[in-house]
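Trainee: Before we start, here is the structure in question, set down as structure tokens.
No lab work stands behind these numbers, since they all come straight from the coordinates. Keep in mind it's a predicted model, so treat the numbers as computed, not measured. Neighbour counts are summed over all protein chains in view; Cβ atoms, including those assigned to glycine, are modelled from backbone coordinates with ideal geometry.
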Amino acid sequence: MIVVFGSIIVDHLFAVPVLPRRGETVLGERYSIMPGGKGANQAMAAARDGAAVQLVGAVGSDHLAVLALEGVRDAGVGLTGIRHLDLPTGAASVGISPEGDNQIMVAAGANLAASADWLDGRLSGDTTLVLQRELAQAETERAIFKAKAARCRVVLNLAPALPLASEALCAADVLVVNEIEAAALAQTLRLSAGDARALSEALTVSVVVTLGEQGAQSCDGDRLWRTPALKVDVADTTGAGDAFVGVLAAALDRGLPFAQAIRRGCVAGSLSCRATGAQAALPDSAAIEAGMAQLAPDSAEP
């Protein structure tokens, strides 16, 4: 069983000819509203890859709450851990360029009221807990410590690159960061490098650094290796990291080896870039299996 303690957000997507610079207004032609949030996205990604998933988090009591939960409900994610609060549902503004690059602003809303106490009774030794950094820092840290007390596996996606106590970081089993988040964490830890090996040695956890179209670099103990991405025509990179994390967690939860789980995550992240929107683009297990057959082998790194 996977339990995701994370954010639930409605994405407002703007297709623009170029991402705006500071102080610049850019006019685009297309606009859409879709469910998102790293927690919801990762829960849906895991469910579409066949995992049993429960989502724990908060939405408001406003009109956006229904839309925010639409995708995960349709994917079969359990929603008994969702609270409806007298606060705005979280929202994000996502600018998307013709090349598929994005620029994102988030208003957390009800997400910042989510409590780690809502996890009580949901964690056990058979649970994989997935977390990100779109909830309150203190509650994310409490969730990690509750999971370790219950002997859960903890998959922590340090996205966005916001502070987290070193004790909480070290309590994770798997840490996933992108290049920007890896560099920020390395600076916080006063490391000279932000690669997977340096972070893994400093924190004594397994580390994956996602590298976009270059795949992922991973370190698990003494092993350092690179997993390629799948070559696809990119429409929108929004949610690619969430696809990776959700499918990685699903694979680990059903007992696949770490390296194989990373390969599935890389395929899922690549496939999710083929369409616009985070949840709408998440691949199912059949698409991931087909992509696995096309993925190049891993390569060891010195």
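Trainee: When only Cα pairs under 8 Å and 6 or more residues apart are kept, what is the percent relative contact order across region 157-215?
Mentor: Normalised by residue count, the contact order of region 157-215 is 38 percent.
Trainee: Given Cβ point charges of +1 (Lys, Arg) and -1 (Asp, Glu) and nothing else, what value in debye, to the nearest 20, does the dipole of the chain about its Cα centre take?
Mentor: Around 340 debye, computed over the chain.
Trainee: Under 5 Å between amide hydrogens, which residues at least 5 positions from residue 81 or on another chain qualify, with H placed 1.01 Å from N in the peptide plane?
Mentor: Result for residue 81 returns 55.
Trainee: Something else: Assign unit charges at the C-beta atoms only (+1 for Lys and Arg, -1 for Asp and Glu), then state the dipole size of region 1-99 relative to its Cα centre in Debye, rounded to the nearest 20.
Mentor: The dipole magnitude comes to about 180 debye.
Trainee: Let me ask something additional. Give the percent of DSSP beta bridges with both residues in the chain that are antiparallel, rounded to the nearest 5.
Mentor: Here the antiparallel bridges make up roughly 40 percent for the chain.
Trainee: Take peptides 157-167, 15-25, 40-50, 127-137 and line them up by average Cβ neighbours within 10 Å, highest first, as a rough protection proxy.
Mentor: Result, highest mean Cβ count within 10 Å first: 40-50, 127-137, 157-167, 15-25.
Trainee: What net charge do the residues around residue 178 carry, taking every other residue with its C-beta under 14 Å from that of residue 178, with Lys and Arg at +1 and Asp and Glu at -1?
Mentor: Net charge in that neighbourhood comes out at -4.
Trainee: Would you work out which of 125, 45, 56 lies farthest towards the positive end of the dipole of the chain? Charges go on Cβ: Lys and Arg +1, Asp and Glu -1.
Mentor: Farthest towards the positive end: 125.
Trainee: Percent of Cα-Cα pairs more than 34 Å apart in the chain, please.
Mentor: 14 percent
Trainee: Return the long-range amide H neighbours of residue 206 (sequence gap of 5 or more, or a different chain), with a cut-off of under 5 Å between placed amide H atoms.
Mentor: Those qualifying (amide H under 5 Å, at least 5 residues apart or on another chain) are 175.
Trainee: Using 0.36 nm per residue of separation minus the Cα-Cα distance, give me the extension gain between residue 73 and residue 213 in nm, one decimal.
Mentor: 47.4 nm
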